Each structure stands twice: as C-alpha cells, then as structure tokens.
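The structure appears below as structure tokens.
Here, each number is a calculation from the coordinates, and none is a lab measurement. Because the structure is predicted, anything quoted here is derived from the model rather than measured. Cβ placement follows ideal geometry from the backbone for every residue including glycine, while neighbour counts extend to all protein chains displayed.
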Amino acid sequence: MVQMLRERGIKKSDLSREDFLKYAWEWKEKYGGIILDQLKKLGASCDWDRTRFTMEPKLSEAVIDVFIDLYKKGLIYRGLRMVNWDPLGKTALSDEEVIHKEVQSKLYYIKYKMADSSKDFVTIATTRPETILADVAICVNPNDERFKSIVGKKVLVPFLNREIPVIADDYVAMDFGTGCLKVTPAHDVNDYALGQKYNLPVIDILDESGFLNAAAEDARYIGKDRFAVRKQIVIDLEEAGHILKIEEYKNQVGTSERTGAVIEPRLSLQWWIDMKKFMEKNPQVLESVMNDEIKFHPAKMKNTYRHWLENIKDWCISRQLWWGQRIPAWYDENNQLVAVAKTEEEAQQIAQSKNSQQPEASSQRPLRLHQDEDVLDTWFSSWLWPISVFDGFENPENKDIKHFYPTNDLVTAPEIMFFWVARMIMAGYEYRGEKPFSNVYYTGIVRDKQRRKMSKSLGNSPDPLDLIKQFGADGVRMGMLICSPAGNDILYDDSQVEQGRNFANKIWNAFRLVKGWEVKPDAGFAKEILDANVLSANWFAGRLSQALLDIEDKYKDYRLSEALMSIYKLIWDDFCAWYLEMIKPVYGEPMNESTYQTTLGFFEELMKLLHPFMPFITEEIWQNMAERKAGESICIANYPIPSKAISPDLSRVFETIQQIRNLRNAKGLSPKEVFEISIKANDKGLYLPYSFLIQKLANVSAIHFVDAQPAGSTLLPVDTDEVFVVLNLQIDEAAEREKMEKEIAYLEGFMKSVNAKLTNEKFVANAKPELVEKERQKKADASAKIDVLRKSLGV
RNA sequence: GGAGGCAUAGCUCAGCUGGUUCAGAGCAUCUGCCUUACAAGCAGAGGGUCCGCGGUUCGAACCCGUGUGCCUCCA
C-alpha cells in the first residue's frame, strides 16, 4: 500500500484521512483480488458468492458494536501502559505482532560519578547507552555486599549531572554485568515496574519516531535518531572518560512484524481488553481445547495453547493508523473521555445524562465532542469472523448462522494460533456461548531447503501461478500435500511438485489405455481370458474396498498426506501396475465388454477418491468417461463407499511373478525370453486358477505341477511352496548355495528368538494368548521354510 | 533465563495399547530394459548404532531418568 502510493508520488503525510482510505480500498481491491485469483487457479472450491471483507459496512458495524458491548461489560479499558511501539509505523503493536530476533550487539560499561565524591564512581552495563539521558535511578541487589555502602546515596548521570538515587531491589541479578542496573522507566518494561514500585519519575526522551526530544536535555542529541545517538554518545562518553570497557554481546531485540523496525517500549495511552477478567468469564476457551471438544491437529499444539492462555496478558487493541475500524470513543475539548458510543449523538446523550445526575449541572448545552483518532487492531475484527460473516451479531437467529455455526474444521497456520484461533474461540463463547468450530487443522509452513521461511524479502518463494504453469495445479497440490503431515513444516523442493505432475501424467496415460481399447461382446472371447478377467476384477474390487476403509480411517485422524499416499499407491501400484496389466489384451486384440465396463467403474471410483486432491484432471477424466448431462460434475457425484468384496488371496501368485522377474533381472535375461516353470505346491488351488495370469505377467510359456525338483532347475521359494525354473545357461551354483545358506541362517536366527520367547515361562504366562499363538505360528512357518531350503541344498 | 516440541534410511516422514512376517513408506540413489498407455516410464536392488548413556521389563524405536543437538514460543 505504502509502495503503491510511493509509485504514484503521493506522500502519506499529504493525504487526509478520507483520501488515504480511498487509496486503501483501491489497494485492497487489487491485492485481495490477486489472492482470491490464486486460490481459484489452485482449484479451491470455496463458496465464492459469500466472499466477505472485514472492512465492509456490515462487518465493521459488528466490530464497533462488540467494542461498545465489551466496554459496557467492563472488559475494555483505556490505560497508560508500556506498549510495543513501532517508530516507523508510528503505532502500538500487540505482543503477538512483535518478532524477537537475536542480534550481535555490544554491552557498554559506563561509569557514573558519586555525587558526594569527586573520585568514587559506580559502573553499570547497558546495551542502550543513549537511554542514560532518561535514567532516574541506579538499582542494586540488597544482598550484594559490594554495594551495600552506596545504597541511599546519589550518583550523577553523565553529561547531565542529574542526581539520581541508588536503590536496592532483588530484581537485579548480581551476576549479570556489574550488578548495578540503571533504571529508565520510560524505555524499558521492567524498569517501568521498578519505577512504579519506588515512585520514581518518568523521563521520556523519545518521540513517536524514535528521535530524541527536549527531555533528553543535552542539545548535542536532541532531534536525532536513537541509533545515531547511540553511536555518538559512545564516542562522547569515551572522550569524557566514562567508558570502562565494551564487550560483544548477543541479545534479543523485538522487531515489528509490519515494518521490521526495532520496537521501542513506550508509555502510551491505549485501549486494552482485560484478558484475566475475560478468561474468568469464559473458562471454556481453555477447557474446550483441553478436553478435545475442539480438537487440535496435531494434538501436541494443545500444550502451546494452554501455556499461552495461562500466562495471558491484556490485549492492546488500539492502533495509531487510519486503515481499520475507528474506535467509537468520544472526548471533550479537554481530551477527557466522555462516552463510548456508536454515534456522536449517542455520545451527546450519554454526556447529558451524566451531567443531569449532577444537581449543580448548570448547562444543557451540547458539548463539542471529537472521536478517537485511533483504529482497532485488525485481529479485533478477525476474531469475530465466524459470527460476523453470517451476520450473527445483528441477526443472531438467522438461518445461515444456525446452519453454519459451529463449523467443522478450521484450517490455518500454527503461527496464527494466538492471533486468531484462540481469539475466535474467545469471541465464540462470549457471543454465542458455543465453540466456533470442532477441529483446527494446523498446516505446515512452507520453507525452502535451508529451512528458511519463504518470504518476499528473501525472494525464496516461487510464484504459485508460475508453478502451476510448470507443473499444473493438480501437480502442485498433490506435490505439496503428499509431504505435509499436519503441523510439520514443508520443505519446498521442485522434486515434490514433479512427483505430482508425474502422477497426473500416469493417470492420463492409464485413461488413454482404457479408452483406446476396442470393445466387443463377451461371447466372442476364450473362456480362460474371461475367467482370468473376472478373477482380476474380483481381486481389485477387494483391494479397492479395503483401501476405502483405510483411507476413511486416515481422514478421521486428519492424516491428509497419508490418505493421499494410500490413494497414490492404490492407483499407481494396484490399479496401473497390477490390475491393468492383468486384464490388458495382447496388442491389437479387443477387450471384452463386461471387463471394460467393470474397469471403467473402478476408474470412476478412483477419480472420485482422488478428486479432493487433484480436482482438475479427475473432473476432466470423469467427464470423458461417459455421456454426462449438463450440470453433472464429479464435485457433486457420490463419494465411493466400500463394498463387501473380499480379494481372493493372490499373494503367492504375485510372489511367484516377482520371483521370476527378479530371476530374470539377476541373470541378466531379457523379459522377452520365455521359459517354463514347475511348481511344487502344498495347495495347487492357490495357483491353478491363475495360471493364465502367471503366464501373462511373468512371460512363462507353461506351468507344471510337480512333486519333486526337476533336474537342473533353479529353486525360487514362494512362501512354503517351491517354484522351479530350468534355465538354458550356466548356473553359478556356489552363489546359489551361498544365497540359500544366508537365508537359512537368517531364518534360524529368527527361530531362535521366537523359541527364546516360547520357552520363557514368564512370556507364556504374561503375554496375551493370541500373542503366544502368533509366536507358535511364526515358529512353524519358519521351520517349514528352512526345510524347503535345506532339501534343495541336499542337506 | 523460562516453557513446550522434536531426534527412525541420503531427504521428508509413518510406526496405535511395549511383543522380530516391525524396523516401514514416498522421494532420491544404483542395476537392467526405448517390452505398442506411460523413459514424466517399466522391472528389480541396495541402504538404518531407531541421537549417546543408564534404568524398568521375560521383552524397549516405543515407558522412566540423564546427557547432547535442533526447532518454536515467551521474558
């Protein structure tokens, strides 16, 4: 906003309040619009017709009404207090708007002469030598032997030669610096408290811009910036022999979230919410989160929330800005607060009635009133959002608010927990007597690979619209979501969104495959193909409903990235890599009608599952799957529900196929090389119906069932069964034996540990019976596998 | 200085009520393949002192203590 004005050559100081607001609205339309546009491009499916803005008349009115209401309830007061002052923005800030940064600074040791002696002096240590001009006392710890003799005496402030007392208070740490603390009530929170306690004067030497004012007394510094003065005063002190030494020192400095300026603790008259009182009135604000009536995801955030609320400080809600809702407080000619009221007329009435209560009140003339120049903190409007957005203040019983309040989920960033989440909960209980939402999902903060927060000034944040151009909106969404468990930071890297793009590509190719098939009636197909396709479909149907249940569980726990991962694997591994390969006709051959329909049905279910994560491609495919009527959309299609389908057990079939592929790989054989296999199975039924599939997927020409190992064959163990392959090439027998021996050794180790448990009486006695049974089963399985391997080795 | 969180594969993270089919996933890496949907792909493989040390337990990645390191918030 300031930049926009600068570009047009307009100075803020030349503008009236009204003019400034005109530009501010213009700015808001432009930049607010950009953000909404980015959200739309990303595919956020918001109810755009309800887009609202806190500065709208209706919402602003709610803000003002709430202020007046809280004032009447005695929860808002106006008071002179130490605030966080932003000298660049020339406004007060709340504690939450101050960012603490560690900086390398210096600790200056400065000598103060004793008033009663020309030789003796005390030394203080400070990081802010410019504030000595505002010193009103020196404080030491009462238990500090070194300084007992000087307590009650006076010292002289360098240059000014103002006499200030030496006082004692155990607030002072004896082991920090010199043990002597200079007390500057106007410029430090703790010093202010000390000043109050010992009734010390307050000398404020800084103006609203952080420049030294006349109270600094020394003409060399008046009218200069605090940092310039710091440099100069050190030189001057050094020349005058007041500096004992200067040390390097690391300390925390508060900076403004808006302007980056170093915060100045400053005494000023501001409006506050009495949070202690507020919390006493609304204990549910804490309770509801602690007892999970409002659930935080991840739950560990509850600790932070509790800690903040238990140590809550009053909320400074006034800001010395023009942009915002103006505080509805009215003052008379002497700047005395007359009334808090919505309009000047009301304020007049209040003033009159106050007057009339005083019998000697002479005049009933209207007073000359003026409104408070300050506005309210933006968060003072944001905290009302869940209510004000549905017009719940003016019409507390309207249909919308009754329907939408409380809402289910709030999705927000962890850094906003105090600013907004906590305060929405506060407003919720105060004004609706009810929580505003049931779940708070804290997203990760996107950082770059060096874990730096993405920011405009660092220039390390990619432009979302640019990314969308490169990887597609779906790719960006998928890439970001798959690596972002709740509350964990996201380290941005191109490879993530690449993964998203690749996935979109994979889906599109799968769709091309399915749509490319020539479909013919079932009647013309060989029985073994039809049977195999039915079996394949049964298997996938079972997988799908199992996955649906799994995904549902993850959603219930708000594990969004895990839900997405399950969908990703379901589509890529189960559907594309297995199912489509199982039913895929030989090149040039047609697909039978019923399998085609079933497959299209699966595809549709998968698209619906994925739609929340990748809205664009899923809609596109869904629209192309079948004839759709106008107005139909995957957005409003029914979400898949799990069927009762149970997959036939294909684990041994899959393992057989994998073992054969693996063998080819290990032996450097081409996948095109065809050979026969023999299977010695405990239960032929687990293989026989799927012979066709094994042949197709493992490129095997024939399957024989045998009772003994054929001569010259290689063994592939599949669970407790044996698969044999005769290869027309030299087999490295030694290597084969070694491999098997290694496997046996592992299994024996495994058996040993299982045995150790089973022979342990305490285990058998204490462990759950199912567990013991499970261990017995493990032992039997391992033992059977060992037998297979041993026999093959001829041991 | 105070409070909280975290530490598992190269990276980002799962791992429920302690129980070796529990040491896992995705990405990255390596090997072999241009196999008619897809090389932005296919088929495989390797990779870990579960931060160190103590304790509880028949049994610890998981519970307790302690040390170290990182992060966040507050002063």
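Here are some notes:
- Relative to the Cα centre, the charge distribution of region A:469-551, modelled as +1 at Lys and Arg Cβ and -1 at Asp and Glu Cβ, gives a dipole magnitude of about 280 debye.
- Region A:681-787, relative contact order [Cα under 8 Å, separation at least 6], %: 20
- Cα lying deepest toward the dipole's positive end in chain A, options A:621, A:597, A:654, charges on Cβ: A:654
- Average Cα contact separation per residue, region A:410-483, under 8 Å, 6 or more apart, as relative contact order %: 25
- Low-density loop cleavage sites - chymotrypsin sites (Phe, Trp or Tyr not before Pro) in region A:157-209, where at most 14 other Cβ are within 10 Å (DSSP): A:171, A:176
- C-alpha center-to-center spacing [region A:531-596, region A:453-524] in angstrom: 20
- Region A:483-527: chymotrypsin sites (Phe, Trp or Tyr not before Pro) in DSSP loop, at most 10 other beta carbons within 10 Å: none
- Three-way shape call for region A:191-257 based on the alpha-carbon gyration tensor, with the a/c threshold at 1.5: rounded
- Computed [θ] at 222 nm, deg cm²/dmol, chain A (DSSP H ≥ 4; -39,500 (n - 2.57); rounded to nearest 500): -13000 deg cm²/dmol
- Once the Cα atoms are used to define both axes, helix A:560-569 deviates from the longest principal axis of chain A by about 20 degrees.
- Taking the three principal axes of the alpha carbon atoms in chain A, the coordinate ranges are 114, 68, 59 Å, sorted in descending order.
- Placing pseudo-labels 7 Å out from each Cα toward the beta carbon at residue A:281 and residue A:313 gives an inter-label distance of 2.3 nm.
- GluC sites (Glu not before Pro) restricted to region A:640-676 and DSSP loop, no more than 14 other C-beta within 10 Å: A:673
- Angle in degrees between helix A:301-310 and the longest Cα principal axis of chain A, rounded to the nearest 10: 20
- Distance cut-off 19 Å, percentage of C-alpha pairs in region A:539-672 lying past it: 59
- Angle of helix A:733-759 to the longest C-alpha principal axis of chain A, folded into 0 to 90 degrees and rounded to 10: 60°.
- Relative contact order, percent, region A:124-209 [alpha-carbon distance under 8 Å, six or more residues apart]: 36
- For the pair residue A:98 and residue A:69, a Förster radius of 41 Å applied to the C-beta separation gives a FRET efficiency near 0.90, rounded to the nearest 0.05.
- Partners of residue A:250 within straight-line reach, counting aspartates and glutamates whose Cα lies under 14 Å from its Cα and excluding those fewer than 8 residues away in the same chain: A:102.
- Above 22 Å, the calculated P(r) of region A:1-91 contains 57 percent of its Cα-Cα pairs.
- Among the listed pairs A:245/A:313; A:295/A:399; A:73/A:300; A:12/A:354; A:101/A:224; A:30/A:295, those beyond 30 Å (Cα-Cα): A:245/A:313; A:73/A:300; A:12/A:354; A:30/A:295
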